Amino acid sequence: MTSSPLTSQFTGRVVIVTGAGSGIGRATAIAFAAAGARVLGVGRRQDALDKTAQEHPGIAVLAADIRAAHAPEAIIDTAIDRWGRLDVLVNNAGATTLMPLADASAGRILHLFELHVVAPSLLARAALPHLRQTRGSIVNISSTYGHRPVPGAAHYAASKAALEQLTRCWALELATEGIRVNALAPGPTESQALTAAGLPQPVVDQIKQHEASRIPLGRRGEPDEVAAWVLRLADPATTWLTGQILTLDGGLELT
């Protein structure tokens with residue numbers, strides 16, 4: 001990322017980014033580090049995290065499944081032990097799951113809510129004492145489908161809708177302590193999410209082409225474009241913005 005006014009704002013600050021091994025999470029970790037922050041990138045795959053860390057010396061990584069017992073405490077403790085403070089938590093880890101109602105199962109539904117609702121909640125709880133000290137910020141990564149219906153992926157959309165409501169409620173709950181909570185809701189963005197969902201490449205290509213054709217700006221988003229707005233939401237100079245869901249989807253929400 002090129003130099004910007006954000007650089008001085010994040011110097012010396014500590015940021016945790018989950019899902020930092022690829023896509024939006026990787027771009028966000030790199031952007032924060034380039035803006036002067038010390039970043040702990042968290043993800044399940046050590047090899048993917050290592051590639052993220054290679055992009056900037058300000059990035060340290062921790063391989064962990066955020067759904068695991070005691071993972072929230074371990075993640076927060078790692079950042080505090082290393083740097084002594086925490087300023088920003090970015091709840092980005094997630095999974096795209098196409099699941100028509102006829103194919104829904106309890107296990108797949110629970111997986112989505114554990115990843116998009118339970119794990120971010122417990123990680124935010126573990127981070128709270130440290131965010132109080134720094135009057136820090138939480139940024140949750142939702143989706144345009146958190147507030148826009150999508151056939152064939154209702155439970156994914158519902159889990160993101162829940163994350164958006166958590167954002168609003170936490171913002172009210174924590175405002176008196178100076179902790180801001182906002183969410184970014186990207187539209188279809190270039191990543192490995194569809195492939196990771198187990199879809200064959202021809203299907204992935206077809207979905208991407210269909211999505212791009214429906215977006216008024218004519219293309220899917222890039223992770224760097226999304227990361228830039230994560231930094232804006234977390235910027236400590238953005239002192240009067242909380243409880244907001246910013247949709248970044250090339251105009252898809254307008255259609």
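The values are calculated or read from the model by the stated rules, or taken from the named source; none is laboratory data. The shown structure was predicted, so the numbers you read here are calculated from the model rather than taken from an experiment. Counting neighbours? That spans all protein chains shown, and the Cβs are built from the backbone with ideal geometry, glycine included.
Quick look at the values:
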| item | result |
| --- | --- |
| Selection count, segment 86-105, where residues are within 22 Å of Leu166 (Cβ to Cβ) and among the small types (Gly, Ala, Ser) | 3 |
| Verdict on Thr97 being in contact with a Lys or Arg (Cβ under 7 Å, 6 or more places away or on another chain) and of a type in the set (S, T, N, Q) | yes |
| Scope segment 166-182; condition in a helix (DSSP H, G or I) and either surrounded by 15 or more Cβ atoms within 10 Å (Cβ to Cβ) or at pLDDT below 95 (or both); matching residues | Leu166, Thr167, Arg168, Trp170, Ala171, Leu174 |
| Looking only at segment 118-154, and only at residues there that are part of a loop (DSSP other than H, G, I, E, B) and in contact with a Lys or Arg (Cβ under 9 Å, 6 or more places away or on another chain), the one that is farthest from Thr255 (Cα to Cα) | Arg135 |
| So Gly84, is it at positive phi and surrounded by fewer than 19 Cβ atoms within 10 Å (Cβ to Cβ) | yes |
| Identity of the residue in segment 131-150, surrounded by fewer than 19 Cβ atoms within 10 Å (Cβ to Cβ) and touching a residue at least 12 places away in the same chain (Cβ under 8 Å), that ends up farthest from Gly187 (Cα to Cα) | Gln133 |
| Filter result for Arg135 (at pLDDT 95 or above, of a type in the set (Lys, Arg) and on the phi > 0 side of the Ramachandran plot) | yes |
| Selection count, segment 85-117, where residues are hydrophobic (A, V, I, L, M, F, W, C), outside any helix (DSSP H, G or I) and over 20 Å from the mean Cα position of the chain (by Cα) | 2 |
| Any hit, segment 183-199, residues being assigned to a helix (DSSP H, G or I), under 19 Å from Thr96 (Cβ atoms) and in contact with an Asp or Glu (Cβ under 8 Å, 6 or more places away or on another chain) | no |
| Some residue of segment 60-80 being in a loop (DSSP other than H, G, I, E, B), touching a residue at least 40 places away in the same chain (Cβ under 8 Å) and surrounded by 15 or more Cβ atoms within 10 Å (Cβ to Cβ) | yes |
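Here is a yes/no grid of residues against (1) touching a Phe, Trp or Tyr at 6+ places or on another chain (Cβ under 9 Å); (2) more than 22 Å from Ile207 (Cα to Cα); (3) hydrophobic (A, V, I, L, M, F, W, C):
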site: Ser143; (1), (2), (3): yes, no, no
site: Pro149; (1), (2), (3): no, no, no
site: Ala158; (1), (2), (3): yes, no, yes
site: Thr176; (1), (2), (3): no, yes, no
site: Thr189; (1), (2), (3): no, no, no
